[in-house]
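The structure appears right after this line, and notes come after that.
Taken together, the values in this text are just the output of simple stated rules run on the coordinates, not laboratory data. Note that the structure is predicted; figures quoted are calculated from it, not measured. With ideal geometry, Cβ positions are generated from the backbone for all residues, glycine too; neighbour counts draw on all protein chains shown.
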Amino acid sequence: MVRSVVTDMREPPFVVDVPTSSYLLDDHCANCLELLADDVEGLFCSSWCSEIASTVRYMRRVFRDGRIDDPDVAAAVQTRGAFLLIGGYEALGRGLRPQVRTQVKQRDGGKCRSCGGDFKSSLQHL
């Protein structure tokens, strides 16, 4: 393994382990390369590995398309990285229940309190 520390803000701000040989192995986790248990279906051995892979894909997208230059996106990248360092924050725990969304939309007249935009385009402000 080659270990590199990335310090440039245009690169992911964490230590990266880079496999030196072929790294996609049958019956192994696509993230940590551990042998998958017989009852595991899918690419990852755990929700933790799935979350890491999802975060890496997100970071690659924002670096590639230049959104990282937006201060809000840069903060989101740092936040996701911080959550990974403390054990993760599963996607199911981040969503609002449909009933809560409806209540917020009704309470605020379908407008975002932060920017005044309509509810659908400002969903992240809930």
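If we sort 54-61, 103-110 on the protection proxy, mean other Cβ atoms within 10 Å, highest first, what's the order?
The peptides rank, most packed first, as 54-61, 103-110.
Please list, ordered by chain and number, the residues whose modelled amide H lies under 5 Å from the amide H of H28; skip anything fewer than 5 residues away on the same chain.
Result for H28 returns L36.
Decide, for segment 24-117, between rounded, prolate and oblate: order the square roots of the alpha carbon gyration tensor eigenvalues as a ≥ b ≥ c, take rounded if a/c falls under 1.5, and otherwise choose prolate if a/b is larger than b/c, else oblate.
It is oblate, given that a/c is not under 1.5 and a/b is not larger than b/c.
Determine, from the Cβ-Cβ distance of E41 and L84 and an R0 of 22 Å, the FRET efficiency 1/(1 + (r/R0)^6), rounded to the nearest 0.05.
In this case the efficiency is close to 0.40.
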